[in-house]
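Okay, structure first, notes after.
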Amino acid sequence: MEEKDLDRLDLLDAGPVLEADMEAAAELPAEEVAEEEALKAAHDEENALDKNVRLLSPARMVARRFFRSKLSIVGLVILVALILFSWLGPVIYNRWGETEFDNSGCVDTITADVSANVGGEEVEFTQVVETAKGLNTFAPLSSDHILGTDNTGMDIFTRLMYGGRISLSISFLAVFAVTFLGVLFGGIAGYFGKRVDEVIMRICDILMCIPSLPIMLIIGTLFDSWQIDPQYRIYLLMIFLTLISWPGTARLVRGQILFLREQEYMVAAEAMGYSTSRKIFKHLVPNVLPQLIVSMTLSLGSMILTEATLSYLGLGVKAPYAAWGTMINAVSGDPNILAKYFNVWVPPGVCIVLAVLAFNFIGDGLRDALDPKARR
């Protein structure tokens, strides 16, 4: 047999082996392709996650942390409910006005003792002189008066809604005014330092030493003698309270700015020749806002308590206008109300407690959400 034929026989005998090698060679790229596809899918998923993380702004991160707290959500729901109750409530339940008395519930009979000579004898008897409708005071809970009436015959439920408008609006206005003054003077003191800082801080020390409550008692007496409109006197008192309450916020802003003004971005702003106002209010104050927001939220609760205290002491809104503290003040004139008529003073007290709890829950949630070290 020739050598060429032997080579053909060897190839034929090796045919099965070559076919197996070819099949293995054909299967190997398929496994590699599957592995590459799996790695590509994992890489794409990782890129998608990185893309989502990059697209998540700081505000959304704060919102996500805030809404993870159940107490924060509870506080937000309570606050929204109180605002809707105070501002939309009188629009829906408009049967009684804030200063409207109920004269339809009771009748006052005016009598007089009369004596006459009947059969030679002096006889005394009571004669009805006049019958007139009086105030429907301390009316029970009914469809006409959901929470009854107070000692002046006014609907408690209606006054509760109007009182919420005054209590909440005064608290918001006072806190925003205090924050504005604190940011203004605290930012100037922290940025310029030296003598400017000394002057502003000494003013803060003086204002913090002023006994606010005795002075407000004196101012309230002056308002009575000057016959200031009862609807506006609480606003005048809150203006005075604002003027003596901003040092705390100013100290907070000053301390933060003293730290932030030495950072690298402030050195860059200085090198670029930015104006002083731009450096303070565009670069420094925004970095203090997280602490300011938390401070403002927690201050709202204390401001509501301050307004209620002033109204309870007779320094707030005067009758016939209502505030939550003024409604509670009804028990001071008549101790019998405190013991028997819970519907007069319990509802405004509950509203004050709910408002303070709501602001405190929201403040705690914002403090945790704005903390850069928190990773909840």
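Would you mind putting 216-227, 161-172 in packing order, based on average other-beta-carbon counts within 10 Å, highest first?
Working: 216-227: 13.2, 161-172: 22.1.
The packing order, highest mean first, is 161-172, 216-227.
Please compute, over every Cα-Cα pair in region 153-235, the percentage with a separation greater than 22 angstrom. The share of Cα pairs beyond 22 Å in region 153-235 comes to 52 percent.
Stokes-Einstein diffusion for region 277-344 at 37 °C, viscosity 0.692 mPa s, with a Kirkwood radius from C-alpha pairs, works out to 222 µm²/s. Distance between the pseudo-spin-label points of F240 and W87 (7 Å out from Cα toward the beta carbon): 3.0 nm.
What FRET efficiency would be calculated for the residue pair M61, F192, taking the C-beta separation as r and a Förster radius of 41 Å, to the nearest 0.05?
Once rounded, the FRET efficiency stands at 0.75.
Please give me the summed charge of the neighbours of I156: other residues whose Cβ is under 14 Å from its Cβ, Lys and Arg +1, Asp and Glu -1. For residues surrounding I156, the net value is -4.
May I ask for the net charge around A189, where only other residues with Cβ less than 14 Å from the Cβ of A189 are counted and Lys, Arg are +1 while Asp, Glu are -1? Before the final figure, lay out each step's value.
Values: positive: K194, R195, R202, R251, R254, R261; negative: D197, E198, D205.
Overall, the nearby charge balance is +3.
Return, ordered by residue number, the residues of region 313-350 whose backbone nitrogen is under 15 Å from a label point located 7 Å along Cα→Cβ of N151. The answer is 313-314, 319-320, 326-346, whose backbone nitrogens lie closer than 15 Å to the label point. Taking every Cα-Cα distance in region 233-325 and sorting them into 10 Å bins starting at zero, the pair-distance distribution P(r) comes out as 14, 33, 23, 17, 10, 3, 0 percent.
Where a number appears in this text, it was derived from the coordinates with a stated rule and is not lab data. From a predicted model like this one, the values you see are computed outputs, not experimental measurements. Here Cβ is always computed from backbone atoms with ideal geometry, including for glycine, and neighbour counts include all displayed protein chains.
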